[in-house]
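The values are calculated or read from the model by the stated rules, or taken from the named source; none is laboratory data. Owing to the predicted nature of the structure, the values given are computational and were not obtained by experimental measurement. Cβ coordinates were reconstructed from backbone atoms using ideal geometry, including for glycine residues, and neighbour counts include every protein chain displayed. Areas reflect the complete protein model, heavy atoms only, side chains present, ligands, DNA and RNA absent. Shrake-Rupley method; radii C 1.70, N 1.55, O 1.52, S 1.80 Å.
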Amino acid sequence: MTYSTVMVNLELGCSNAGVMAAAGDLAERFGSSVVGIAACRRKPLSAADGDYIPDDWVGHDCGQHACEVRTAEAEFRDALHGRAKTISWRSKMISEPLADYLGDEARCADIVVTAASADTPSDLTRRVNPGDLLLAMGRPVLVVPSTAAPLNLDRAVVAWKESRQARRAVADALPLLQKATHVAVATIAAAEVLATARSCVADVVVWLKQHGVKAVPVVAKPNGDDAAQLQGIARDHAAGVIVAGAFGQSRLREWALGGVTRHLLLRGQGCALLSH
């Protein structure tokens, strides 16, 4: 198992240095091809009060989109040149929600790279709702801090929880974990279930060993803030990436994200590889 094709989601109208650095790093590690993708959703043809938007406004929106796409594509090709096996570009102005389009296009990829984003972006024509994105992908998503910073994917923490999402996440992250120099499997458990938690983490450590990954177990008692505690464990292990299952409930295309998921997706201090 490897990441043969990496897809990187570029947001129009802003810098994408962080996600492109991450995509380039993955491409060099795995000899991957990289697909750059950028989409813009058409603005409604009529305003909320029923008045139609003038044609010149629509034309201006299309022109702005075309300019932003050219800028993003040039930035992508320049950043990935010489780092990937092959590079290709996809862009489109669409009518459906961005997450639906990106999710469909992810059929060609093994992993998707995207930037940490606001929980409720102000401009949903160019910014995808992060919860919707995770829900639509069907692929592991590497979430990268919005500010460009040196990547450290050599040391990782697996955030373990007895759930389908966590099992999928650790399996999806296996190529990355197999190349890491240090892996910790961490869980946070109350005193009355510590013994069970240790047994579960031990099973994961053994499973990883069978796949060529040497990992150490970490079992911690809760301090009241699981997200901050998990970040602290990552700092203790000098980990640049946290692998975790993404938790949430779909409600009419919007997500109520779990606390740890929300933190990793929106305010994580390093990268997070999330699977749902």
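Of the residues making up the range 218-237, those that are open to solvent by 60 Å² or more (accessible area, probe 1.4 Å), more than 12 Å from Ala156 (Cα to Cα) and not polar (S, T, N, Q) number 5.
Confirm whether Glu105 is open to solvent by 50 Å² or more (accessible area, probe 1.4 Å), in a helix (DSSP H, G or I) and modelled with pLDDT of 95 or more. No, not satisfied.
Filtering the range 71-95 to residues that are free of Cβ contacts under 8 Å to residues at least 60 places away in the same chain, part of a helix (DSSP H, G or I) and in contact with a strand residue (DSSP E or B) (Cβ under 9 Å, 6 or more places away or on another chain) leaves Glu73, Arg77. Restricting the first member to the range 169-198 and to residues that are within 13 Å of Pro217 (Cβ to Cβ), and the second to residues that are hydroxyl-bearing (Ser, Thr, Tyr), the beta-carbon pairs closer than 8 Å and six or more apart or on different chains are Ala189/Thr196; Ala197/Thr187. Comparison of Ala180, Ala169 shows that the only residue that is crowded, with 18+ Cβ neighbours inside 10 Å and in contact with a Ser or Thr (Cβ under 7 Å, 6 or more places away or on another chain) is Ala169. When the range 150-200 is filtered for residues that are within 18 Å of the chain's Cα centre (by Cα) and part of a strand (DSSP E or B), the ones remaining, listed by number, are Arg155, Ala156, Val157, Val158, Ala159. Taking the stated definitions as given, is Thr114 in contact with a Lys or Arg (Cβ under 9 Å, 6 or more places away or on another chain), at pLDDT below 95 and of a type in the set (Val, Ile, Thr)? When the stated conditions are applied, Thr114 does not pass them.
Any chance the range 45-63 includes a residue that's at pLDDT 85 or above, in a helix (DSSP H, G or I) and open to solvent by less than 50 Å² (accessible area, probe 1.4 Å)? No, there is no match, as no residue in the range 45-63 is at pLDDT 85 or above, in a helix (DSSP H, G or I) and open to solvent by less than 50 Å² (accessible area, probe 1.4 Å).
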